[in-house]
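Structure record follows, encoded as C-alpha cells.
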Amino acid sequence: MSETLKLTVDRRDALAVIYTEGYINNQGGEEIAREAFKLIDDGVKILLLNLAGTKIVNSIGISILIEIIERMLEIEGKLAFCALTPTIDKTFHIMGLTLYASIYPDEDRAVTELG
C-alpha cells in the first residue's frame with residue numbers, strides 16, 4: 001500500500017487532536033510523529049489521535065506510535081486514541097499500547113474524559 005496519510009490538527013490549549021486519513025506505515029507514522037513532537041514542543045500535554053479515517057496500521061507505524069508514547073511519558077503527558085476500527089483496537093491491545101495510552105470509542109468521550 002502506498003496511500004498517503006493526510007493529517008489535520010485541532011489545537012485546544014493543552015489538548016490537541018490529530019485526525020488521520022489513510023494508511024499509517026513508516027511514512028505516515030513519521031508524519032504523525034513530526035506533528036506530535038511539534039505540538040509537544042509547543043506545550044501540548046494531552047494528545048488525542050482520532051483514527052476514524054485510518055483502516056490499517058502496520059508494524060512500523062505502531063513502532064513510531066510507541067516513540068510518541070515514550071515522549072509523552074517523558075513530559076508526563078497523556079496520549080489517547082479514538083475511533084479505532086475493531087482490527088486496530090485489537091492490534092493496539094495485543095501490542096501493549098493500551099498500557100500507556102487510553103482508547104476511547106469516540107472523540108467526544110475522549111475529550112470529556114481527558115479534560
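Just so you know, all these numbers are worked out from the coordinates, no wet-lab data involved. This one's a predicted model, so the numbers in the text were calculated from it and none came from an experiment. Reconstructed Cβ throughout: ideal geometry from the backbone, glycine too, with neighbour counts over all protein chains shown.
Couple of notes before you dig in:
- Within-11-Å neighbourhood charge of Met72 [Cβ basis; K, R +1; D, E -1]: -1
- Working from the Cα coordinates of the chain, the gyration tensor eigenvalues give, after taking √(5λ), semi-axes of 19, 15, 14 Å in decreasing order.
- Cross-link table Lys38/Lys78; Lys6/Lys45; Lys6/Lys38; Lys6/Lys78, entries beyond 18 Å C-alpha to C-alpha: Lys6/Lys45; Lys6/Lys78
- Order of Leu39, Leu99, Leu47 - criterion: other Cβ atoms within 10 Å of each residue's Cβ, fewest first: Leu99, Leu39, Leu47
- Beta bridge orientation in region 6-114: antiparallel %, DSSP, nearest 5: 30
- Using R0 = 25 Å, the C-beta based FRET efficiency linking Arg12 and Phe37 works out to 0.85.
- Helix runs (DSSP H) in the chain reaching 20 Å along axis by Cα, Kyte-Doolittle at least -0.5: 59-74
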